[in-house]
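The values are calculated or read from the model by the stated rules, or taken from the named source; none is laboratory data. Quantities reported herein were computed from a predicted structural model and do not represent experimental measurements. In this analysis, Cβ positions are derived from the backbone assuming ideal geometry, glycine residues included, and neighbour counts consider all displayed protein chains. SASA here: full protein model, heavy atoms, side chains in, ligands and nucleic acids out. Shrake-Rupley method; radii C 1.70, N 1.55, O 1.52, S 1.80 Å.
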Amino acid sequence: MHELTHTEATILAQLLHHIRPDWTPNSLITILGNNRTTPSLAALTIAATTKAMDPTCKTPAPIFHPGNHWPPTTRHQIPTGPECPDHTGHRAHNCGPCTIDIELGDRPPHLHGKALHPHKRTPPPEGWRNNPTP
């Protein structure tokens, strides 16, 4: 497994921004920082550029979902993404308790996998706080 560096995330974010101008470099760096463990930089680049070229993919979040956008040799090593800040042990992108909360009317749909209360927000990844983007 590869641990993505801030420099690699910045370069990849700039590349993806050129492919998808609506995906901002800062938001891309944030999502890459929250999903730093990847099978390899090459596999992540393939997965990310494939999703960036998919017009049905509206946000960069699905980059880290399992699927055919990952190279076949690394699909079994796909990172699981960040944990839901409100439900320990559940991945944010498919948090079951969040889905139930939404169905019960206890959580707005746009906060699926996100902190329901602002005071519970997850801080930036350690070591990335003071690194400015070029």
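Name the residue, out of Pro97, Pro118, that is at pLDDT 80 or above and either more than 16 Å from Leu32 (Cβ to Cβ) or of a type in the set (Ser, Thr, Tyr) (or both).
Exactly one of Pro97, Pro118 is at pLDDT 80 or above and either more than 16 Å from Leu32 (Cβ to Cβ) or of a type in the set (Ser, Thr, Tyr) (or both), namely Pro97.
Answer yes if at least one residue in the stretch 45-58 is more than 14 Å from the chain's Cα centre (by Cα) and assigned to a helix (DSSP H, G or I), and no otherwise.
Yes: the stretch 45-58 contains one or more residues that are more than 14 Å from the chain's Cα centre (by Cα) and assigned to a helix (DSSP H, G or I).
Of all residues in the stretch 67-92, count the ones that are crowded, with 17+ Cβ neighbours inside 10 Å and outside any loop (DSSP other than H, G, I, E, B).
3
Can you run down the residue pairs with Cβ atoms below 8 Å, 6 or more apart or on separate chains, where the first is in the stretch 46-57 and free of Cβ contacts under 8 Å to residues at least 24 places away in the same chain and the partner is β-branched (Val, Ile, Thr)?
Lys51/Ile63
When both residues are 6+ apart or on different chains and their Cβ atoms are under 8 Å apart, which pairs have a first residue that lies in the stretch 88-109 and is among the basic types (Lys, Arg), and a second that is part of a helix (DSSP H, G or I)?
Arg107/Cys98; Arg107/Asp101
So, in the stretch 30-40, of the ones that are farther than 17 Å from Gly67 by Cα and of a type outside the set (S, T, N, Q), which residue ends up most open to solvent (accessible area, probe 1.4 Å)?
Filtering first and then ranking leaves Arg36.
When residues of the stretch 1-29 are filtered for being open to solvent by less than 20 Å² (accessible area, probe 1.4 Å) and of a type in the set (Ser, Thr, Tyr), how many remain?
1
Just one of Thr59, Thr133, Thr49 is at pLDDT 85 or above, farther than 16 Å from Met1 by Cβ, open to solvent by 50 Å² or more (accessible area, probe 1.4 Å) and of a type in the set (Val, Ile, Thr); which is it?
Thr59
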